[in-house]
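For reference, the structure is listed below as structure tokens.
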Amino acid sequence: MAQISNPGPSGSYQVFSPFTGTDSGCTNGVILLPPAFGYGQSLNLVVRFLYTGGSNFNQFKYQNSDFQFAIVQGQSQGNTTELVVSITILANNVWKCAQSARQALMNNFTDFITQIESKFEINSAPILIPGATAIIAGQIAETIPAPPLESLFYRYGFVAGLAGSGSPVVNLLPGMRLRVEFEASQYLSPGSQFNSYISSGQFYYYVCSVPGANNQRALATDPFLGNIAAPQIPQSSSSPFLASGIIDLQSSGMPRRYYRIVYPQNMIAGNSAGDVTTAKNVALVGANSLADLNSGTGSTISTIFRGRAIVVPEIPVWINNQGQLSMIYVPVGTTVANILERFTAWKPIFILQSTLAMQRLQTATGTKTGNQGVSYVGLTFTTGMIGSAIANLQIYDLPLVGGDVVKFNFSAS
């Protein structure tokens, strides 16, 4: 069987294998491809309705070795010309497969969105609307070719912490749900082997955005609590603050534009007396800028739950099974294979089968003259081997993102 040398666009998202990259950095790689691209070439994005500056737009630029930002002329409306944001994902690393190139790309993405926010959105003379950086980051996440697990980094800032890459982290976004698994300390008698932490409850917090200062929006863990006058709750003199429940996350002084879950590399044993440091507890780290969030300085605060609590972020996805559509929450990192496992042990190894179909929301559809649309497009699983009907099962390890629709065509007969 011959291998297709280069992947090509299909109008749908593709999970493509085997992928070798322009650097031949892997032999049997898997990559998530956007609906439109030129293999080996830069990718261009146009985002309308973000620029609020004046006619001196040519001065507003930023570029690193993988991403480029500029303000350019869009469509003419009467005697005026609309100015739009132009984003270019350069071809230096994005089509490569080697881990060093992928890491450089992720580092440059972090730098890029951090600089866009600090230079153009939250500086003393902003030229982008409040929240523009999050929109730009989301458009890049929809467009950038990436290995399946890496795609979660651009969507949610997800870092698994595997292979010595540091602590696992994930960013909170509006629309998520937090599942908090609490544990309580049980004491029976001196020296008893049953003196330990035990499960004490499972609680769900619904992450949303609420109006904040300077027309920016802050994250809240409950729409009601986020929109009322927050109570004053005494805290320790410095972070990490200690939380017993949701009200401690919504007390006065806690709202931040960004929140990130940081997992420790070590936790206390179940029979331990306890620990109140971020080194041994899951921490919610909040900040009002990406620069502060990444550096841990300035507006950054950290909060941990009392006890031995675990925090799991969940996203909403849609399941269509035999014509019945239902929305469910799944943990970040849940894959297509994981969803299949809820229904059957069978795997769709035949590429041309129609038993599994997917759709994914796309908003990165703007042009200099066209609308900034929001629509569903298909997501397919393809092989680059000519004459092969058997898929690499790793392609079904694609993580879901919020809003995905998974359709099963199991026969009812």
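The values are calculated or read from the model by the stated rules, or taken from the named source; none is laboratory data. These figures come from a predicted structure and were not determined experimentally. Every residue, glycine among them, receives a Cβ derived from its backbone with ideal geometry; neighbour counts consider all protein chains shown.
Some points to look at:
- Answer residue from the stretch 221-238, given it is closer than 21 Å to THR278 by Cα and crowded, with 17+ Cβ neighbours inside 10 Å and is modelled with the lowest pLDDT among those: GLN235
- Residue count, the stretch 178-197 (criterion: without any contact (Cβ under 8 Å) to a residue 24 or more places away in the chain and surrounded by 13 or more Cβ atoms within 10 Å (Cβ to Cβ)): 1
- Looking only at the stretch 53-65, and only at residues there that are among the hydroxyl-bearing types (Ser, Thr, Tyr) and under 27 Å from the mean Cα position of the chain (by Cα), the one that is surrounded by the fewest Cβ atoms within 10 Å (Cβ to Cβ): SER65
- The residue that is modelled with the lowest pLDDT, among those in the stretch 209-220 that are polar (S, T, N, Q) and within 24 Å of ARG177 (Cα to Cα), is GLN216.
- In the stretch 1-26, of all residues being among the β-branched types (Val, Ile, Thr) and in a loop (DSSP other than H, G, I, E, B), the one that is modelled with the highest pLDDT corresponds to THR22.
- Positions within the stretch 175-227 being within 30 Å of ALA125 (Cβ to Cβ) and either of a type in the set (Gly, Ala, Ser) or in contact with a Leu (Cβ under 7 Å, 6 or more places away or on another chain) (or both), in sequence order: SER209, GLY212, ALA213, ALA218, LEU219, ALA220, GLY226
- Yes/no for GLN186 being assigned by TED's automatic domain parsing to the domain that holds ALA269, of a type outside the set (A, V, I, L, M) and more than 15 Å from the chain's Cα centre (by Cα): yes
- Condition check for PHE49: buried (at least 18 other Cβ atoms within 10 Å of the Cβ), farther than 18 Å from GLN394 by Cα and of a type in the set (Phe, Trp, Tyr): no
- On the stretch given as the stretch 270-303, residues that are among the aliphatic types (A, V, I, L, M) and more than 21 Å from GLU181 (Cβ to Cβ) total 5.
- Within the stretch 280-296, restricting attention to residues that are of a type in the set (A, V, I, L, M, F, W, C) and in contact with a Gly (Cβ under 9 Å, 6 or more places away or on another chain), the residue that is nearest to GLY212 (Cα to Cα) is ALA287.
- Residues satisfying the stated conditions in the stretch 249-265, i.e. under 25 Å from the mean Cα position of the chain (by Cα) and within 13 Å of GLY286 (Cβ to Cβ): LEU249, GLN250, MET254, PRO255, ARG256, ARG257, TYR258, TYR259, ARG260, ILE261, VAL262
- Residues located in the stretch 27-50, provided they are closer than 17 Å to GLN362 by Cβ, touching a helix residue (DSSP H, G or I) at 6+ places or on another chain (Cβ under 7 Å) and not in a strand (DSSP E or B): PRO34
- Among residues of the stretch 98-113 that are assigned by TED's automatic domain parsing to the domain that holds GLU150 and within 17 Å of ALA291 (Cβ to Cβ), none has a Cβ under 6 angstrom from a residue that is of a type in the set (Lys, Arg) and in a helix (DSSP H, G or I) at a sequence gap of 6+ or on a separate chain.
- Just so you know, in the stretch 249-295 the residues that are part of a loop (DSSP other than H, G, I, E, B) and basic (Lys, Arg) include one that is farthest from ILE113 (Cα to Cα), and it is LYS280.
One line per residue, one yes/no per condition, for (1) among the aromatic types (Phe, Trp, Tyr); (2) touching a Gly at 6+ places or on another chain (Cβ under 7 Å):
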site	(1), (2)
ASN107	no, no
SER118	no, no
ILE129	no, no
GLY138	no, no
GLU150	no, no
TYR154	yes, no
VAL169	no, yes
SER189	no, no
SER192	no, no
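- Take the conditions (1) among the polar types (S, T, N, Q); (2) surrounded by 21 or more Cβ atoms within 10 Å (Cβ to Cβ); (3) out of contact with any Cys (no Cβ under 9 Å at 6 or more places or on another chain); ASN266 misses just one of them, which is (2).
- Any chance TYR205 is touching an Asp or Glu at 6+ places or on another chain (Cβ under 7 Å), on the phi < 0 side of the Ramachandran plot and not small (Gly, Ala, Ser): yes
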